Structures are given as structure tokens and as C-alpha cells.
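S.K.: Just dropping this structure here.
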Amino acid sequence: MPNLIKPQSVIAFDFGLKQIGVAYGQTLTKNAQGLTIIKAQDGTPQWSVISDLLQEWKPNMLLVGLPLNMDGSESELSGRARKFSRRLEGRYNIDVSMVDERLTSREAKSLLRQQNEEQRKRTNDLTKIDHIAAALILQSWLDDPSLGQPLFSPS
């Protein structure tokens, strides 16, 4: 739960096996923005890139999207996202919460298509949406911090 008295800065991650989207936001303005996409190999990120981002943005907390099935059950990717979250918390000693990310990738693709149509672009590279999905995850949490679940191991 965010400290509502002192503004907090937050970095959010949209975990994936090949790439991880990153977004930044803070509780004062309640706005999220996509930052970058980090390459990953079978879910293992470039930790040096994450270290550099955390050093630059100095977040008070981290969010990781929890990829649940549409019925709310956990998938294999949910377990991998939890493992990534535990590693973040262990490496950087920053509180990590998880946020349900169902439909954020679909919404990100829709936003990108709409943006491309408005700019009259002919190409739709939908592989470059993970930072947008991370921003959507973060924005949903900024709008309703009760969506965040403290990091824990499922029983």
C-alpha cells in the first residue's frame, strides 16, 4: 500500500520470457509512462540494464504484472513472474508488489494501432508494446493501489 503522505516513485515491469517492458510513475501526479523494453533470455533479464534504470529513477517501490488466466487462475508464466519479483526484491532491497495484468497487452496493442492510425503510419510493429503494457499496469495501480498484492509465494 502506498504511503499517501509522502509521494512515491514507482517502476513497473511487464514480465515476459523474451522481453520485459518497463514504466515509471509516481503517486503525486498519478501518471505512468513507458520507459523501455529490456531483452530477456527465457525470462532472465539483462540485470545490468535493470540496475542502471533503478539507479537513474530511484524508485521507492516496484510493481510486476501478474499474468493470470482469464478465470483468475495462475499459469506457468505467473510462477515465472513471481520468481522475477522475488529476485528483484532480493537484489535491490526494494518492496515489490504484483498487479493483475490481464488484458493489458491487448489494450496496449489497441492503443498502438490507434496511435499509428492517427499518425497515418502504415506499419504496426506490435512486438514493441511491452513498455506500454507496463505503463497500463502501473496506471491501474496508481488509480487503485488496493490492486497491488504484496510479494509472497503461493501455497
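The values are calculated or read from the model by the stated rules, or taken from the named source; none is laboratory data. These figures come from a predicted structure and were not determined experimentally. Methodologically, a virtual Cβ is constructed for each residue, glycine included, from the backbone with ideal geometry; neighbour enumeration extends over all protein chains shown.
S.K.: Could you name every one of the strands (runs of 3 or more DSSP E) located completely within segment 9-86 that has at least 3 residues being β-branched (Val, Ile, Thr)? Full working, then the answer.
M.R.: Numbers: elements: 9-14, 19-26, 31-41, 61-66.
Here the list reads 31-41.
S.K.: In addition: For segment 20-46: of the residues being touching a His at 6+ places or on another chain (Cβ under 7 Å) and of a type outside the set (A, V, I, L, M, F, W, C), which is surrounded by the most Cβ atoms within 10 Å (Cβ to Cβ)? Reasoning before the result, please.
M.R.: Here is the first cut: in segment 20-46, the ones touching a His at 6+ places or on another chain (Cβ under 7 Å) are 21-23, 34-37.
Applying the additional criterion that residues be of a type outside the set (A, V, I, L, M, F, W, C) yields 21, 34, 36.
Numbers: Gly21: 28, Gly34: 22, Thr36: 15.
That would be Gly21.
S.K.: Okay, moving on. Tell me, yes or no, whether segment 126-135 has at least one residue that is surrounded by fewer than 16 Cβ atoms within 10 Å (Cβ to Cβ) and modelled with pLDDT under 55. Working first, answer last.
M.R.: Applying the first criterion (surrounded by fewer than 16 Cβ atoms within 10 Å (Cβ to Cβ)) to segment 126-135 yields 126-128.
Those still in the list that are modelled with pLDDT under 55 too: 126-127.
Yes, segment 126-135 has at least one match.
Results for (1) modelled with pLDDT under 85; (2) surrounded by fewer than 14 Cβ atoms within 10 Å (Cβ to Cβ); (3) on the phi > 0 side of the Ramachandran plot, shown as yes or no for each residue.
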{"residue": "Glu56", "(1), (2), (3)": "no, yes, no"}
{"residue": "Leu63", "(1), (2), (3)": "no, no, no"}
{"residue": "Leu77", "(1), (2), (3)": "no, no, no"}
{"residue": "Arg80", "(1), (2), (3)": "no, no, no"}
{"residue": "Arg87", "(1), (2), (3)": "no, no, no"}
{"residue": "Asp95", "(1), (2), (3)": "no, no, no"}
{"residue": "Asn116", "(1), (2), (3)": "yes, no, no"}
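S.K.: Take Asp100 and tell me if it is at pLDDT below 90, surrounded by fewer than 22 Cβ atoms within 10 Å (Cβ to Cβ), under 17 Å from Ser9 (Cβ atoms) and out of contact with any Pro (no Cβ under 8 Å at 6 or more places or on another chain). Lay out the reasoning, then the answer.
M.R.: Numbers: at pLDDT below 90: yes; surrounded by fewer than 22 Cβ atoms within 10 Å (Cβ to Cβ): yes; under 17 Å from Ser9 (Cβ atoms): no; out of contact with any Pro (no Cβ under 8 Å at 6 or more places or on another chain): yes.
In short, no.
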